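To keep things clear, I will list the structure first and then write my remarks on it.
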Amino acid sequence: MRVNRTQAAENRETVINVASRLFRERGFDGIGLKDLMKGAGLTQGAFYKQFESKEDLAAQASKRAMESATHRWSDATAANPENPLEAVISFYLSMGHRGERMDGCPIVALGSDAARQGQDVKASFEAGINEHLEILGRFIAEANGEQSNSKAMAILSTMVGAVLLSRVVNDHDLAQAFLDAATDQVREAVAA
């Protein structure tokens, strides 16, 4: 059955959205095209009509995952507009976020995988990371009047590292301790 252009575009978006979530859960190499397409409700043959390669899909899915992460930060700040930086810190360094394997931070979920991918995947991550740094920099300036790109970098690095470490341990208390320690350090860094 032939698919019209509108349906083809919708199918492409569905595949990108599904891949964005499944890659975060399983890694780029942890799921094959057949299972990705099955997750999107499409056949594997439809993949090659939409994407040049799995890496092409990985780049598109990475971009979508980073956009999703930025939207999650916006949602957190909408809940606490008086203190957007605190809202992001509280959301990001929470046990709830730690448990969100498919919808959580793509930097945490795929960072080491992305480092082994091609330029297009890395470019998707770089653009998203730069956007996170810009947001953090703006929030830091609002909080203490200081514009500091290096402070934003240190804060993002601390938050990503804490969530990553909290995910790789079985001990619930240790996971919480990583998140709590990072929260304290980030707050101190902002105040300094």
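The values are calculated or read from the model by the stated rules, or taken from the named source; none is laboratory data. In this text, all values refer to a predicted model and were calculated from it rather than measured experimentally. Here Cβ is always computed from backbone atoms with ideal geometry, including for glycine, and neighbour counts include all displayed protein chains. When the accessible area is computed, the model is the full protein with side chains, heavy atoms only, and any ligands, DNA or RNA have been set aside. Shrake-Rupley method; radii C 1.70, N 1.55, O 1.52, S 1.80 Å.
At a glance:
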| read-out | value |
| --- | --- |
| Trypsin sites (Lys or Arg not before Pro), loop per DSSP, at most 14 other Cβ atoms within 10 Å - longest free stretch of the chain | 3-100 |
| Percent of Cα-Cα distances greater than 15 Å, calculated over the range 1-96 | 64 percent |
| Net charge of neighbours whose Cβ lies under 14 Å from the Cβ of Ser112, counting Lys and Arg as +1 and Asp and Glu as -1 | +3 |
| Contact order normalised by residue count of the range 48-192, Cα under 8 Å, 6+ apart, percent | 27 percent |
| Of the GluC sites (Glu not before Pro) in the range 46-97, those whose Cβ has at most 12 other Cβ within 10 Å and which sit in DSSP loop | Glu52, Glu82 |
| FRET efficiency, 1/(1 + (r/R0)^6) with R0 22 Å, evaluated for Ala78 and Glu146 via beta carbons | 0.35 |
| DSSP H segments from the chain that extend 20 Å or more along their own axis, Cα-based, with Kyte-Doolittle mean of -1.0 or above | 5-26, 54-79, 119-144, 149-168, 172-191 |
| Accessible surface, the chain, averaged per residue in Å² (probe 1.4 Å) | 53 Å² |
| Charge tally in the Cβ shell below 14 Å around Ala127, where Lys, Arg are +1 and Asp, Glu are -1, Ala127 excluded | -2 |
| Length released on extending from Arg5 to Asn170, taking residue separation times 0.36 nm less the Cα-Cα span | 54.7 nm |
| With eigenvalues of the C-alpha gyration tensor scaled by 5 and rooted, the range 135-192, Å | 25, 10, 7 |
| Relative contact order computed over the range 144-192 (Cα-Cα under 8 Å; 6+ residues apart), in percent | 44 percent |
| Reach of Lys38 by Cα under 28 Å, taken over lysines that are not fewer than 8 positions away in the same chain | Lys49, Lys54, Lys63, Lys122 |
| Rg over Rh [alpha-carbon atoms, Kirkwood Rh] for the chain | 1.03 |
